[in-house]
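One structure is given here, and the rest of the page talks about it.
The values are calculated or read from the model by the stated rules, or taken from the named source; none is laboratory data. What you see is a predicted model; the values in this text were computed from it and never measured. Note that each Cβ is placed from the backbone with ideal geometry, even for glycine, and that neighbours are counted across all protein chains shown.
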Amino acid sequence: MAKQVIMPKFEMAQETGAVARWLKNEGDTVEKGEPLLEIETDKVTMEVEAPAAGILAGIKAGPGDVVPIGQVIAYLLKPGEVLPGESPAQSATVVAAPQPVASAAESQVKATPLAQRIAAAHHLNLQSVSPGASGERVRGADVTGYLGSQAVPPGKIRAVPAARRLARELQLDLQAVSGSGPGGRIQSADVRQAAAAAVQPSVPTPPPVEPQPAPVVSSAGQPALRRTVPLSSMRRTIAERLTSAARDIPQFTVSLEVEMSRAQQMVDDTRAAGSEGPRVTLTALLVKACAWVLARQPEVNASFNGDSILEWAEVNIGVAVAVEAGLIVPVIFGADRLSLADIAAQLNDLGARAREGKLRPEELRGGTFTISNLGMFGVETFTAIINPPQAAILAVGRTVKRAIVTEDEQIVVKPMASFTLTADHRVIDGAIAGRFLAALKQALERPGLLL
């Protein structure tokens with residue numbers, strides 16, 4: 001029987017994946033576990049392993065195609081097999097010699113890193129999953145196959161978690177929604193379509209409008225269009241998440257300026273003293289300073305949870321990184337326990353792999369606070385939108401020299417930077433936000449406190 005290659009699921013909220021590129025061509029012979037193609041989610045690009053040995057055939061999705069989770073995108077054929085629905089005469093597949101199959105006695109139940117990540121995303125115990133035909137290790141395809149084979153209890157509606165959440169928000173009964181996903185599974189797009197069809201407001205006839213001079217436009221009656229840019233998976237997710245955050249979270253901002261001469265001096269001294277180590281940047285020092293403050297002010301290192309507030313025991317700081325497709329936020333875990341050099345090393349590594357699209361899903365989850373630094377682009381002041389479910393995000397502008405009046409009424413020139421904290425008012429009040437910024441100012445103006 002032909003082995004299906006399906007669109008895998010790497011994250012709990014993931015509904016679709018986009019084919020980035022095939023690493024094998026139609027008709028190629030592949031081994032089980034060999035990289036088969038790359039899938040792009042809204043956050044990362046991941047390699048998909050071949051779920052079995054065989055010949056790649058019947059590719060159904062090409063580069064750029066967005067496919068629902070669980071949908072078949074290709075097949076792997078054994079000797080003598082043909083594609084489903086075809087006769088041997090119709091199939092143009094050339095079958096190679098039979099592939100050896102390991103005996104059951106030689107097998108060991110182990111799991112590949114991909115299988116472990118998919119199982120973790122679904123809270124699945126890998127002991128429940130049997131390895132495939134080779135009997136060697138549980139692979140990503142074995143896990144996705146097991147998940148897809150689980151029977152749906154009678155009366156239960158097949159819907160992805162994100163679609164269920166959206167239906168609750170829109171107060172829509174999923175019984176009235178038709179699913180377009182594999183096996184009739186309801187996707188978020190199905191919920192939106194059903195909600196739009198259910199709401200048909202009456203449109204009053206507009207009053208007559210006095211004719212106005214027509215604007216100067218192109219001959220087609222509208223401004224000339226340079227190009228249409230389709231939304232990538234990442235861009236679409238950014239749009240949805242930040243629109244939801246701006247709509248649902250009562251956000252407020254507080255700002256202050258920090259004198260940065262000692263902070264800059266510490267960065268310069270660290271670079272000079274450790275030229276063979278990781279390159280220490282001002283962003284690394286900002287992560288260290290924020291972690292120091294958050295460990296002492298846990299009310300900011302928190303999330304809103306309906307009828308409660310969750311204060312996190314870990315200080316995991318996300319750092320916004322601009323990539324070609326949009327914005328991505330890798331996380332420095334346990335930042336309050338790391339040295340400045342360790343933070344710098346992780347930032348260098350995460351930033352490089354973010355731009356190459358090689359971050360792992362687990363490196364983008366679990367953040368409790370986010371820093372967005374646009375100083376390197378010459379931006380002096382800006383506000384950032386909260387990255388839910390976090391309760392705060394810090395926007396950092398560039399350091400510029402300004403004339404400052406000292407306490408003894410002397411005018412001096414100092415390097416100053418603007419810091420703006422955006423906070424969730426359900427969790428953080430103005431006084432708490434003010435104390436956070438005051439402590440951060442103290443840490444950066446007296447960075448010896450961090451050592």
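Do you know which of the residues in the range 200-254 that are under 23 Å from residue 384 (Cβ atoms) and in a loop (DSSP other than H, G, I, E, B) is modelled with the lowest pLDDT?
232
Name the pairs whose Cβ atoms lie under 8 Å apart, with the first residue in the range 424-442 and in the same structural domain as residue 305 (by TED's automatic domain parsing) and free of Cβ contacts under 8 Å to residues at least 40 places away in the same chain, the second of a type outside the set (Gly, Ala, Ser) and outside any loop (DSSP other than H, G, I, E, B), and 6 or more positions between them or separate chains?
442/449
Here are some residues: 84, 51. Which one is farther than 30 Å from residue 241 by Cβ, in contact with a helix residue (DSSP H, G or I) (Cβ under 7 Å, 6 or more places away or on another chain), at pLDDT 80 or above and not assigned by TED's automatic domain parsing to the domain that holds residue 360?
Numbers: 84 fails: in contact with a helix residue (DSSP H, G or I) (Cβ under 7 Å, 6 or more places away or on another chain).
Exactly one of 84, 51 is farther than 30 Å from residue 241 by Cβ, in contact with a helix residue (DSSP H, G or I) (Cβ under 7 Å, 6 or more places away or on another chain), at pLDDT 80 or above and not assigned by TED's automatic domain parsing to the domain that holds residue 360, namely 51.
Identify all residues within the range 354-364 that are touching a residue at least 12 places away in the same chain (Cβ under 8 Å) and surrounded by fewer than 17 Cβ atoms within 10 Å (Cβ to Cβ); write none if there are none. Break it down stepwise before answering.
Of the range 354-364, the ones touching a residue at least 12 places away in the same chain (Cβ under 8 Å) are 354-355, 357-364.
Scanning the range 354-364 gives 355, 358, 360, 362.
Give me the pairs, please: first residue somewhere in the range 307-333 and under 17 Å from residue 289 (Cβ atoms), second residue anywhere and among the aromatic types (Phe, Trp, Tyr) and part of a loop (DSSP other than H, G, I, E, B), beta-carbon distance under 8 Å, and either six or more positions apart or on two chains.
Every condition considered, the pairs that remain are 316/333.
If you go through the range 395-406 one residue at a time, how many are within 28 Å of the chain's Cα centre (by Cα) and either without any contact (Cβ under 8 Å) to a residue 24 or more places away in the chain or buried (at least 21 other Cβ atoms within 10 Å of the Cβ) (or both)?
Qualifying residue count for the region: 3.
Out of the range 41-62, which residues are of a type in the set (Asp, Glu) and crowded, with 22+ Cβ neighbours inside 10 Å?
Correct list: 42, 49.
Which one is nearest to residue 308 (Cα to Cα) among residues in the range 419-450 that are surrounded by fewer than 16 Cβ atoms within 10 Å (Cβ to Cβ) and in contact with a Leu (Cβ under 8 Å, 6 or more places away or on another chain)?
That would be 438.
For residue 301, are the conditions met, namely being of a type in the set (S, T, N, Q), in the same structural domain as residue 365 (by TED's automatic domain parsing) and touching a Lys or Arg at 6+ places or on another chain (Cβ under 8 Å)? Full working, then the answer.
Numbers: of a type in the set (S, T, N, Q): yes; in the same structural domain as residue 365 (by TED's automatic domain parsing): yes; touching a Lys or Arg at 6+ places or on another chain (Cβ under 8 Å): no.
Spelling it out, it is not the case that residue 301 is of a type in the set (S, T, N, Q), in the same structural domain as residue 365 (by TED's automatic domain parsing) and touching a Lys or Arg at 6+ places or on another chain (Cβ under 8 Å).
Any residue at all in the range 425-437 that is assigned to a strand (DSSP E or B), within 30 Å of residue 387 (Cβ to Cβ) and not aliphatic (A, V, I, L, M)?
Among the residues of the range 425-437, not one is assigned to a strand (DSSP E or B), within 30 Å of residue 387 (Cβ to Cβ) and not aliphatic (A, V, I, L, M), which makes the answer no.
Yes or no: the range 407-418 includes at least one residue that is under 26 Å from residue 315 (Cβ atoms), modelled with pLDDT of 95 or more and surrounded by 15 or more Cβ atoms within 10 Å (Cβ to Cβ). Spell out the reasoning first.
Taking the range 407-418 first, the residues under 26 Å from residue 315 (Cβ atoms) are 417-418.
Restricting the remaining residues to those that are modelled with pLDDT of 95 or more gives 417-418.
So of that shortlist, the ones also surrounded by 15 or more Cβ atoms within 10 Å (Cβ to Cβ) come out as 417-418.
Yes: one or more hits.
Among (1) among the basic types (Lys, Arg); (2) more than 29 Å from residue 41 (Cα to Cα); (3) without any contact (Cβ under 8 Å) to a residue 40 or more places away in the chain, where does residue 279 come up short?
The one condition residue 279 does not meet is (3).
Quickly run through the range 326-370 and pick out the residues that are in contact with a Ser or Thr (Cβ under 8 Å, 6 or more places away or on another chain) and part of a helix (DSSP H, G or I).
Answer for the range 326-370, where residues must be in contact with a Ser or Thr (Cβ under 8 Å, 6 or more places away or on another chain) and part of a helix (DSSP H, G or I): 340, 341, 344, 347, 361.
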